[in-house]
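Read through the structure below, which is laid out as structure tokens, and then see the notes.
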Amino acid sequence: MEGEVEKVTIVNNEFVEVFIKETKLEQGEHQAIKKNQGRINRGPHYYFNVTSGEQFENDLKDFYKKNNQININDQIVPDVDTRKDIFGDVIGWVIPLVIMLGIWIFIMKRMSGGGATGGTIFNIGKSKAELFDKDTKEKTNFKDVAGLEGAKEEVKEIVDFLKNPKKYTSLGGKIPKGVLLVGPPGTGKTLLAKAVAGEAKVPFFSLSGSDFVEMFVGVGASRVRDLFKTAKSKSPSIVFIDEIDAIGRSRGKNQITGANDERENTLNQLLTEMDGFGTNHHVIVIAATNRADVLDKALVRAGRFDRQIYVDLPELAERKEIFTVHTKNLKIAKNLDLNFLAKQTPGFSGADIANLCNESALIAARKNKKQISKEDFLDAVDRIVGGVERKNKLMTLEEREIIAYHESGHAIVSWMLKHAAPLVKVTIVPRGKSLGAAWYLPDERQITRSEQMLDEMCATLGGRAAEEIIYNKISTGALNDLEKVSKQAKAMVLIYGFNEQIGNVTYYDSTGEQTFNKPYSEDTAKKIDTEIKKIIENEYSRAKKILKKYKKSLTELAELLLKKEVIFKEDLEKILGKRQWQTVEKININKLRE
């Protein structure tokens, strides 16, 4: 009603506050807002939104113009007020900041290897080593490591030293600082370290060389410091670093000038920890690698890795022990001869034999057998060495016949040569990438003479020689054969010094350093090319000479292959007679010494 409004305030150009005179609050409809919990309500008493404060003022002026009877003293001039929402402003910039901080912490957590398991940005420089001690249920021990007797003896001594240090220190001996396990992949280096963890009654820290490397500068060195700090606090202890070549490669090679090499910084810290001023003599480092040739010389020197143990591929007796371990939990036939299986797997590593045993179990299960027989193990050998049989591969009858003569050529030449590996089986069933294959049982030699390499090359070229004799043509089927003999001939000339024209010279570099310049002149390069070609052509001519002499047997063997698809040593004996070259029996040097 007229004269009731005391003032009007336009706030932030968004809404209007209306204040009623205190004397008018006693009247009519305003009584409901007179008091608030017993106190006088000072206002504002009414609110309403406006689209624009300026538009509201103009509308109010127009209203007063249309109602001239309103006293000019009762006309209200709106006040304008600008108010800041401090709480809203704070929330407006805090929430985006919290979101950005959360995203950053999440990314740092993933980079530090925490992931969903609880790692945070604050432990990115902490060691990732897994701890094994007397309370850890580590089931692997030395009984589970078949073969590797020399390597086991070395690491057993390390464990014994930590358990009974007085036995050695009483004589003035010092505990070794490091043991480096070197050998081809799958020979049991990591398994040997697990056995140490199971046998040792001291804390055993296990991690990989790649666990030190991160994209952040200084993280690798920080993790090395943290690892040795923790190991020293629990000394005597053992630290195992698997695949140490990830951080232990030679420094200063192929490095961009001025660039910061995080891996090199990590290696420097490791060198300092192993033999620096702060060395603790009760922390032993065991490391494993199959690339000892690329390791930094400062890392492998005496005083850091005092002992280097070469873990080689298992010999015949060792393979039998490994078969014993891996067949322990398999349901094998009672008459299975593990010595026979060991003879059938020359060149197999411990990991290969473990895979072979598992594959044989799968093959037996596929055939719905209750036990694993010798045939299942032999099928597994074929599966691993040659690949899966591809009986549904399409080929013409002519192609099949060429393959039969090719494989028969290999078989006959190898049968007639003294130093060639004895044949086990020949097949024309495609396996893997090959269209046919011949299985041999090579002698396990410690050294190889030139005549042995030449006989092997001649047998390898027997396939192409058979094709030329029968068809007077050659095919692409001998690609792998040619690659193999080319490498052997090149090794004879360049590495082993088996060629009279080149002489007793080797161009082999054991350091593994790659150089762009050849270590010989252009004239020598021409001689090398000539001699390599001469060796290969001589052996090819020798293979053709043998096959021409036994051409009738070649045809008979090829026809048998076409009929049976797979033939064995016994089939060759029926056609060619018994092989007159017998395998030389191996002698155990240790037994000979006894």
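The values are calculated or read from the model by the stated rules, or taken from the named source; none is laboratory data. Model, not experiment: these values are computed from the prediction. Glycine also receives a Cβ, built like all others from the backbone with ideal geometry; neighbour counts cover every protein chain displayed. Surface accessibility is based on the protein's heavy atoms, side chains included, excluding ligands, DNA and RNA. Shrake-Rupley method; radii C 1.70, N 1.55, O 1.52, S 1.80 Å.
For this structure, a couple of remarks:
- The slack between V80 and S521, meaning 0.36 nm per residue of separation minus the straight C-alpha distance, is 149.1 nm.
- Label point distance in nm, K174-W104, each placed 7 Å from Cα along Cα→Cβ: 4.8
- Simple Cβ-charge dipole of the stretch 495-579, Lys/Arg +1 and Asp/Glu -1, about Cα centre, in debye nearest 20: 780
- Pairs of Cα atoms farther than 14 Å apart, the stretch 408-492, %: 66
- The stretch 490-564 and the stretch 314-331: distance between their alpha carbon centers, rounded to Å: 37
- Alpha-carbon Rg with Dmax, taken over the stretch 183-246, Å: 13.1, 37
- Taking 18 Å as the limit for the C-alpha separation, the pairs K433/K552; K331/K374; K152/K174; K490/K549; K473/K533; K418/K533 exceed it in the case of K433/K552; K152/K174; K490/K549; K473/K533; K418/K533.
- Of the whole protein surface, Y508 contributes about 140 Å² of accessible area at a 1.4 Å probe radius.
- Between I384 and A351, the simple label model (points 7 Å from Cα in the Cβ direction) yields a spacing of 1.2 nm.
- Remark: spin-label model distance Q371-I469 equals 4.4 nm, labels positioned 7 Å along the Cα→Cβ axis.
- Two-site FRET efficiency, K533 against Q308, from Cβ-Cβ distance with R₀ of 41 Å, rounded to 0.05: 0.55
- The fraction of accessible area contributed by carbon and sulfur in the stretch 332-406 is 50 percent, rounded to a whole number (1.4 Å probe; ligands and nucleic acids excluded).
- Gained length - V90 relative to T555, 0.36 nm times residue gap less alpha-carbon distance: 158.0 nm
- Highest-first packing order for the peptide set 181-191, 49-59, 296-306 is 181-191, 296-306, 49-59, based on the mean count of other beta carbon atoms within 10 Å.
- Sites K418 and E444 - FRET efficiency at Förster radius 22 Å, r taken between beta-carbons, to 0.05: 0.80
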